[in-house]
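To keep things clear, I will list the structure first and then write my remarks on it.
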Amino acid sequence: MLSDLMEGLLLIEGPVVHAIEHGKLEHLQHAFILVDRSAQGKIVSVSHAPPSEPAAEHVRLHPGQFLCPGFIDTHHHAPQTQNMGLGLDWELLDWLQKITFPREQSYGDRTETDIRGEYRGMARRLLRAGTTTCVYFGSLQEPANELLAEEVFASGQRAFIGKVCMDQNSPAGYVETTEENLQNTVKFIEFIRSKQSNLINPIVTPRFAPTCSMQLMKELGNIALQQACHIQTHLGENKSEVDWVRELFPEHQSYTSVYAAAGLLTEKTILAHAIYLTDAEKQLIKEHQASISHCPNSNFALSSGCLCVRDLLDRGVKVALGTDVSGGYSPSMLDACRQAIIASKCISFQSPNQTPLTAAEAFSLATLGGASAINMSQTLGNIQPGKFFDALIVNVKSNPQIALADDESSLQTLFEKFIFCGDDRCIDAVFVAGRMISK
Ligand code: GUN
Ligand code: ZN
């Protein structure tokens, strides 16, 4: 029986599928995974035979079930949850003005109960869909962001949460002065750290260059450095946006060099989209070891374009996947995997030398790639000793819509069915830091 008992050793026995490097999956037919729940839920050992230590709890997977690492969504806007599926006939800049900013602004007026309820539901649904780590943009308002942090914390999800910063080119009621943005960013970092949680972390969040002055971006770069924080922003998502940045920052070579000049490119920086980059910009990102969050659902939905992931990987740029709710209309990382594969096929139709992503590669981007993007590949992203046990028990047979031939239940078949046909019905249990938090 599974329980969420926190203490002692947990032993899980059964098949495992995980990425050991980009695009390279390991299929363990029958593994024993020993997890120490008292040591922040880290994996003690992965072996072919039962370990000698007695475990407080022993879980044997049923036929058809397998274990895989949890998904890492590297780009998600929490206050856009209610907008999913809305306004997607617009392109980015109109969509922001007409659909997105008004929704985010409403978090300044809504009641605490209302906001808590929405964020609670959001975190629960994401966990059920297998997102064990999520990198969130919050909104501008400090009180709503504190509620977001508290609800995500209570859900047990691992997360990075950022107070959005905007001090120019923003709607009258949805903007702060440079000083307010800075003060509230520091306040929010302190708020999150006061929780003394190993799971929730602050992330410095300039929305994107058009809505941030150079002074704001530089000061945010300093805060991230002083406070050893991650950074997230948007980059090169849409052609009109890129033109606008060129007009706003004419003294800089490129959109990416604006961020470099502000000190925002670090090994802990996540750049969402990054479709329209020159070779020099890709090189700059690689040199700073920053990462790109590929958000294919959003890139299609807002008619932004197709990112050539293969080119970035070939150049050694770190790439991960994001849902970009609600530019993306799906919160599912399985959807992100599928749309990343489709986007790569579209690219290969035009450029046959750019081979499409395989299912193994898309899954790698959603797990190990995500861990690397948040600079946590030493502790997250697959099922290896020393890493946190953030994992899913998958069972494609739990979804009656998925047809399987009687003689086809190899691990490879079950994995492929999960990637292409799966949804949250196929996830029997979700663990974060060794603790079962959703089933
Ligand atoms: N660029 C600036 N803000 C946003 C946002 O909220 N969503 C997306 N997709 N792009 C952005
Ligand atoms: Zn976004």
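The values are calculated or read from the model by the stated rules, or taken from the named source; none is laboratory data. Everything quoted here is computed from the prediction, not taken from an experiment. All Cβ positions, glycine included, derive from the backbone under ideal geometry; neighbour counts span all protein chains shown.
Looking for something more than 18 Å from Ser170 (Cβ to Cβ) and within 24 Å of the chain's Cα centre (by Cα) - is there at least one such residue anywhere in the stretch 90-98? Yes: the stretch 90-98 contains one or more residues that are more than 18 Å from Ser170 (Cβ to Cβ) and within 24 Å of the chain's Cα centre (by Cα). So for the stretch 247-259 (the condition being within 16 Å of ligand 2 (Cβ to nearest atom) and not aliphatic (A, V, I, L, M)), does at least one residue qualify? Yes, the stretch 247-259 has at least one match. Restricting the stretch 241-287 to residues that are part of a loop (DSSP other than H, G, I, E, B), under 20 Å from the mean Cα position of the chain (by Cα) and away from ligand 1 (no atom under 12 Å from the Cβ), the residue that is farthest from Ala366 (Cα to Cα) is Leu264.
For the stretch 171-212, which positions are surrounded by 20 or more Cβ atoms within 10 Å (Cβ to Cβ) and of a type in the set (Gly, Ala, Ser)? Listed by number, the list holds a single entry, Ala209. Pairs linking a residue in the stretch 75-92 that is among the acidic types (Asp, Glu) to a residue that is within 12 Å of ligand 2 (Cβ to nearest atom), with Cβ atoms under 7 Å and 6 or more positions apart or on different chains, are Glu91/Asn238; Glu91/Leu302. Per the listing Thr100, Thr132, Thr185, the residue uniquely part of a helix (DSSP H, G or I), at pLDDT 95 or above, among the β-branched types (Val, Ile, Thr) and closer than 21 Å to Tyr329 by Cα is Thr100.
Thr211 fulfils the conditions (1) within 16 Å of ligand 2 (Cβ to nearest atom); (2) within 26 Å of Ala336 (Cα to Cα); (3) out of contact with any helix residue (DSSP H, G or I) (no Cβ under 8 Å at 6 or more places or on another chain) except for a single criterion, (2). For the stretch 356-373, state whether one or more residues are among the hydrophobic types (A, V, I, L, M, F, W, C) and within 16 Å of ligand 2 (Cβ to nearest atom). Scanning the stretch 356-373, I find at least one residue that is among the hydrophobic types (A, V, I, L, M, F, W, C) and within 16 Å of ligand 2 (Cβ to nearest atom), so the answer is yes. Every listed requirement among (1) outside any loop (DSSP other than H, G, I, E, B); (2) more than 22 Å from the chain's Cα centre (by Cα); (3) hydroxyl-bearing (Ser, Thr, Tyr) is met by Tyr174 save one, (1). Among the residues of the stretch 260-289, those identified as within 17 Å of Ile203 (Cα to Cα) and within 16 Å of ligand 2 (Cβ to nearest atom) are Leu264, Thr269, Ile270, Leu271, Ala272.
Evaluating Ile341 against the criteria (1) surrounded by 23 or more Cβ atoms within 10 Å (Cβ to Cβ); (2) within 18 Å of the chain's Cα centre (by Cα); (3) not in a loop (DSSP other than H, G, I, E, B) leaves one unmet condition, (1).
Matching residues to (1) within 16 Å of ligand 1 (Cβ to nearest atom); (2) among the hydrophobic types (A, V, I, L, M, F, W, C); (3) touching a His at 6+ places or on another chain (Cβ under 9 Å); (4) free of Cβ contacts under 8 Å to residues at least 60 places away in the same chain:
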site	(1), (2), (3), (4)
Ala301	yes, yes, no, no
Cys308	no, yes, no, yes
Leu313	no, yes, yes, no
Lys318	no, no, no, yes
Leu321	yes, yes, yes, no
Met333	no, yes, no, no
Pro356	no, no, no, yes
Ala359	no, yes, no, no
